[in-house]
């Protein structure tokens, strides 16, 4: 690591600040003090002011010099001193001559800021920053530095992503330690609008979770269950792979894996699986196999415009390049599902095909995860409201609010204001950690008129639960179910074969062996929900109750289920959102 000691220098004059038209409240506070001391305390003011924002969002390979700039003033500070302040909460004696000039409240605010760690999923952050939307975000972050060339943008991207990879989260310290340049200049005047909302949705979710935790205490429950819905069925699962299935009308490949078994029944609905962004059709394989063993035919669709090809090499960010996902993908994905239903109906009528006469394609259910959850809601009837995206995305893209919101903003460049992508053959929908906060506007989700189940994970940093699922759930008409799993992350529901080959296993995602209890519950809940479309509906209703959710809970992952949000919880939702918008 380069030397952690940073050069100290001071330039310009206090006169420039006195006549600045951009003096903010913090600067105004300083003006109250004796201006004879301005030259002495402006340097530390800049230092502390910078840490307030960078501690929220940054990380990279150690720069030899970090210069903190505010107007015409510049000063540097050692990483060692910054780290000491962050760890101990104590300002070294040599800086107290400056900090003592500030009110106690301001000192506490700066110290708290330096100690703040922003929780951002580095995998999804890296993917987002390598899209056209990410370029917009990086351009905004670039206002903080003196380097605005391509190399500077790449250095900024590397610092953010590798800093977010730190176990403790993104902070000023690990940003500096990962910024790949020997000199880093930070423009403090630009810091506030850029940094204050980094993953604000997750911050709001955390505030909401803490507020309602006392009300989530488990109540003693005992259920007399005649069978375990998470247990495999009697059918021997088989798979039909169609990797070259082609929609000639759209000139688009739609690879599909069809799961079925010898216990298949046309009395049961066809189930369609839709994966998330930068994923593939194997992501929910265990769900497909489980449902197939119980007599359902499951088609796992791959969306080629947003599949695993849309990812980067996290081991070498300087060489990584991600082809942009096209806005049209928001329309293509639901159309992929409709196309697959059409193709399944053809198979249903094909002589001597193993699925002939066994498919009921006009009575289907969709299950989607993440972006696939948004796709599931779209085909279930939710209206894509592009006009809302065009209005709201500029404010979101000014900062990195969350990867989920950034992804939705890709759709803002679609030509029409509204899109209705509903397929009437879809009679039920399950949206797991869906993207939904802004793509459907204020009223789009009201158009979902079929039974819908939403899953939210409290530790999801990619599609934070409060904004993406909980608030959205309240806009959907009944019948509906909302499941919350405390401690689960964005990728917890994925198949182990999928997460084993990706960076989720090395990060902070709860996957693989850690998430076995979550996947067990997913088997039970997806089977119970699909069975509501069969003659066995009453037998499975018990598994769609709050009592079973508590019964299935573990110490590591408490589970809660509701069919509506009580007024007192709605109040906490409003508090969480409004407090962080001030």
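The values are calculated or read from the model by the stated rules, or taken from the named source; none is laboratory data. Keep in mind that what you see is a predicted model, and the values were worked out from it rather than measured. Don't worry about glycine lacking a Cβ; one is built from the backbone with ideal geometry, like all the others, and counts go over all protein chains shown.
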Inset, instruction - Could you tell me whether segment 360-373 includes any residue that is over 18 Å from the mean Cα position of the chain (by Cα) and at pLDDT below 95? - result: yes
Inset, instruction - Please indicate, with yes or no, whether at least one residue in segment 496-506 is part of a loop (DSSP other than H, G, I, E, B) and touching a residue at least 24 places away in the same chain (Cβ under 8 Å). - result: yes
Inset, instruction - Tell me, yes or no, whether segment 542-559 has at least one residue that is free of Cβ contacts under 8 Å to residues at least 60 places away in the same chain, over 30 Å from residue 267 (Cβ atoms) and surrounded by 18 or more Cβ atoms within 10 Å (Cβ to Cβ). - result: no
Legend entry - Members of segment 241-268 that are out of contact with any helix residue (DSSP H, G or I) (no Cβ under 9 Å at 6 or more places or on another chain), within 20 Å of residue 361 (Cα to Cα) and in a strand (DSSP E or B): 241, 246
Inset, instruction - Tell me, please, whether a residue that is modelled with pLDDT under 95, in contact with a helix residue (DSSP H, G or I) (Cβ under 9 Å, 6 or more places away or on another chain) and assigned to a loop (DSSP other than H, G, I, E, B) can be found in segment 269-279. - result: yes
Inset, instruction - Taking the residues in segment 492-510 that are modelled with pLDDT of 95 or more and buried (at least 22 other Cβ atoms within 10 Å of the Cβ) as candidates, determine which candidate is nearest to residue 452 (Cα to Cα). - result: 493
Inset, instruction - May I ask you to say which residue of 397, 414, 421 is farther than 25 Å from residue 492 by Cβ, crowded, with 17+ Cβ neighbours inside 10 Å, modelled with pLDDT under 95 and in the same structural domain as residue 533 (by TED's automatic domain parsing)? - result: 397
Legend entry - Verdict on residue 565 being closer than 23 Å to residue 489 by Cβ, in the same structural domain as residue 233 (by TED's automatic domain parsing), in contact with a strand residue (DSSP E or B) (Cβ under 9 Å, 6 or more places away or on another chain) and not in a helix (DSSP H, G or I): yes
Inset, instruction - Return yes when residue 532 is surrounded by 22 or more Cβ atoms within 10 Å (Cβ to Cβ) and touching a residue at least 12 places away in the same chain (Cβ under 8 Å) and no when it is not. - result: no
Inset, instruction - Report whether or not residue 238 is surrounded by fewer than 19 Cβ atoms within 10 Å (Cβ to Cβ), modelled with pLDDT of 95 or more and not in a loop (DSSP other than H, G, I, E, B). - result: yes
Legend entry - Residue in segment 433-452 that is modelled with pLDDT of 95 or more, crowded, with 24+ Cβ neighbours inside 10 Å and within 29 Å of residue 555 (Cβ to Cβ) present: yes
Inset, instruction - Evaluate segment 518-528: report whether one residue or more is assigned by TED's automatic domain parsing to the domain that holds residue 576, part of a helix (DSSP H, G or I), within 15 Å of residue 284 (Cβ to Cβ) and free of Cβ contacts under 8 Å to residues at least 40 places away in the same chain. - result: yes
Legend entry - helices (runs of 4 or more DSSP H) contained entirely in segment 129-230, each with at least 3 residues that are touching a strand residue (DSSP E or B) at 6+ places or on another chain (Cβ under 8 Å) and at pLDDT below 80: 150-164
Inset, instruction - Could you tell me whether any residue of segment 235-255 is in contact with a strand residue (DSSP E or B) (Cβ under 8 Å, 6 or more places away or on another chain) and within 20 Å of residue 373 (Cα to Cα)? - result: yes
